[in-house]
1. Just name the residue that is farthest from GLY74 (Cα to Cα) out of those in the range 114-129 that are aliphatic (A, V, I, L, M) and crowded, with 21+ Cβ neighbours inside 10 Å.
2. Just need a number here: residues in the range 50-73 that are surrounded by 17 or more Cβ atoms within 10 Å (Cβ to Cβ) and either touching a Gly at 6+ places or on another chain (Cβ under 6 Å) or of a type outside the set (A, V, I, L, M) (or both).
3. Would you pick out the residues in the range 135-144 that are farther than 12 Å from ALA96 by Cβ, of a type outside the set (Gly, Ala, Ser) and surrounded by fewer than 17 Cβ atoms within 10 Å (Cβ to Cβ)?
4. Can you give me the number of residues within the range 8-46 that are within 30 Å of ALA93 (Cβ to Cβ) and either surrounded by fewer than 10 Cβ atoms within 10 Å (Cβ to Cβ) or modelled with pLDDT under 75 (or both)?
5. Across the range 90-119, what is the total count of residues that are in a strand (DSSP E or B) and either of a type outside the set (Asp, Glu) or more than 15 Å from PHE52 (Cβ to Cβ) (or both)?
6. At pLDDT 85 or above, under 14 Å from the mean Cα position of the chain (by Cα), more than 24 Å from LYS147 (Cβ to Cβ) and not β-branched (Val, Ile, Thr): which single residue out of MET51, MET86 fits that description?
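The values are calculated or read from the model by the stated rules, or taken from the named source; none is laboratory data. The model shown is predicted, which means the values in this text are computed figures rather than measured ones. Here the Cβ is made from the backbone with ideal geometry for all residues, glycine too, and neighbour counts use every protein chain on show.
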Amino acid sequence: MKRRSFLKGTLATGATAVAVNAGLLTPSTVLADWNSKAFKAKKIDDAIASMFGSSSTSNSGDIILKAPSIAENGAVTPVTVDVSKMSGVESIAIFASKNPLPLVCEYSFAGPAIGYVSARIKMGETQNVMAIVKAGGKLLKTEQEVKVTIGGCGG
């Protein structure tokens, strides 16, 4: 019984490898979309405009941004953004204002997903962490200063 299972698994793996190499199977539907212009932007406004089409944002008290006021190690600063009370959340982006490339991460949501993300970001110095949420066609933001004691970006 074990020998048959092994042979079936080996044949299935071999057939899949041949199909991938022949170009019959392509993983194009599972690859993440990469907005290189937004992630390579040197200024926050340029990154926001590249990502959302506009850099016009308004402050919102509905966004709960949790980050430490003092980060002992800037290489692994925990940040959470909670917008679970908002409806129609399309995406959440996190920015670090003084990083060489300020856009840290961006999450897109579909359907009835709950807007909550948690990440560990890299920060080189004391700076503002900003969360921008696209909900209902509007860009909403909140920010918080994080003091870094040990630099994470080469410091």
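1. Pass one, the range 114-129, residues aliphatic (A, V, I, L, M): 114, 117, 119, 121, 123, 129.
Adding the requirement that they be crowded, with 21+ Cβ neighbours inside 10 Å leaves 121, 123, 129.
Working: ILE121: 8, MET123: 5, VAL129: 12 Å.
For the range 114-129, the residue satisfying everything is VAL129.
2. Of the residues in the range 50-73, 4 are surrounded by 17 or more Cβ atoms within 10 Å (Cβ to Cβ) and either touching a Gly at 6+ places or on another chain (Cβ under 6 Å) or of a type outside the set (A, V, I, L, M) (or both).
3. In the first step, residues of the range 135-144 are kept if they are farther than 12 Å from ALA96 by Cβ; the result is 135-142.
Still in the list and also of a type outside the set (Gly, Ala, Ser): 138-142.
Within the range 135-144, just LYS138 meets the criteria.
4. Here is the first cut: in the range 8-46, the residues within 30 Å of ALA93 (Cβ to Cβ) are 26-46.
Filter once more, keeping what is either surrounded by fewer than 10 Cβ atoms within 10 Å (Cβ to Cβ) or modelled with pLDDT under 75 (or both): 26-34, 36.
The total comes to 10.
5. Here is the first cut: in the range 90-119, the ones in a strand (DSSP E or B) are 90-96, 103-108, 116-119.
Next, only the ones that are either of a type outside the set (Asp, Glu) or more than 15 Å from PHE52 (Cβ to Cβ) (or both) stay: 91-96, 103-105, 107-108, 116-119.
Final tally of qualifying residues: 15.
6. On the way: MET86 fails: under 14 Å from the mean Cα position of the chain (by Cα).
None of the others qualify; the one that does is MET51.
Rundown of residues vs (1) out of contact with any strand residue (DSSP E or B) (no Cβ under 8 Å at 6 or more places or on another chain); (2) of a type outside the set (Val, Ile, Thr); (3) surrounded by fewer than 20 Cβ atoms within 10 Å (Cβ to Cβ), yes/no style:
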{"position": "ASP82", "(1), (2), (3)": "no, yes, yes"}
{"position": "LYS85", "(1), (2), (3)": "yes, yes, yes"}
{"position": "GLU90", "(1), (2), (3)": "no, yes, yes"}
{"position": "VAL133", "(1), (2), (3)": "no, no, no"}
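Residue-by-condition table, conditions (1) without any contact (Cβ under 8 Å) to a residue 60 or more places away in the chain; (2) surrounded by 13 or more Cβ atoms within 10 Å (Cβ to Cβ); (3) over 24 Å from TRP34 (Cα atoms):
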residue	(1), (2), (3)
ALA75	no, yes, no
ILE94	yes, yes, no
ASN99	yes, yes, no
PRO112	yes, no, no
VAL146	no, yes, yes
